[in-house]
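So the structure is just underneath, and the comments pick up after that.
Values in this text are rule-based calculations from the coordinates and carry no lab data. Quantities reported herein were computed from a predicted structural model and do not represent experimental measurements. FYI the Cβ positions are ideal-geometry reconstructions off the backbone, even for glycines, and counts take in every protein chain you see.
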Amino acid sequence: MLNQRLRALRQARGLSQVDLARELGVTKQSVSNWENDNIQPSIEVLVRLAGVFSVSTDYLLGLDAGELLDVSGLPGEVIAHLRQLVEDLRRGQ
């Protein structure tokens, strides 16, 4: 599950494995190994991955099906607008 979510998040953000490795301070081979499910990242790196992609560690590990969006630092009216936008998208509008 981690390997699939990691690859999907990286690709959705338009990052190469090299880009992600650079951002995390690891090798490209490490990212490749995680995505190919050869090895697992350390807990420290897992936390950093969650921060890079603004998701929870539970989401990365497949323990939480919901994806979170970090809206910290945004004004209340922007957060309210985003909530409404998400609800409209769910209803297909």
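Seen from residue 80, the other residues with C-beta closer than 15 Å to its C-beta sum to a net charge of -2, counting Lys and Arg as +1 and Asp and Glu as -1. Estimated from the Cβ-Cβ distance and a Förster radius of 30 angstrom, the FRET efficiency linking residue 79 and residue 18 is about 0.35. Computing Rg and the Kirkwood Rh from the Cα coordinates of the chain gives a ratio, Rg/Rh, of 1.04. A Cα-only calculation for the range 1-53 places Rg and Dmax at 9.6, 24 Å. Springs join every pair of Cα atoms under 10 Å in this Gaussian network model of the chain, and among 32, 72, 56 the largest mean-square fluctuation is at 72. Of the trypsin sites (Lys or Arg not before Pro) found in the range 1-84, the ones in coil according to DSSP and having at most 13 other Cβ atoms within 10 Å of their Cβ are 13.
Which residues does the label zone of residue 90 cover in the range 47-82, counting backbone N under 14 Å from a point 7 Å along Cα→Cβ? Those under the cut-off are 66-69, 82.
Placing +1 on each Lys and Arg Cβ and -1 on each Asp and Glu Cβ, with no other charges, gives the chain a dipole about its Cα centre of roughly 240 debye.
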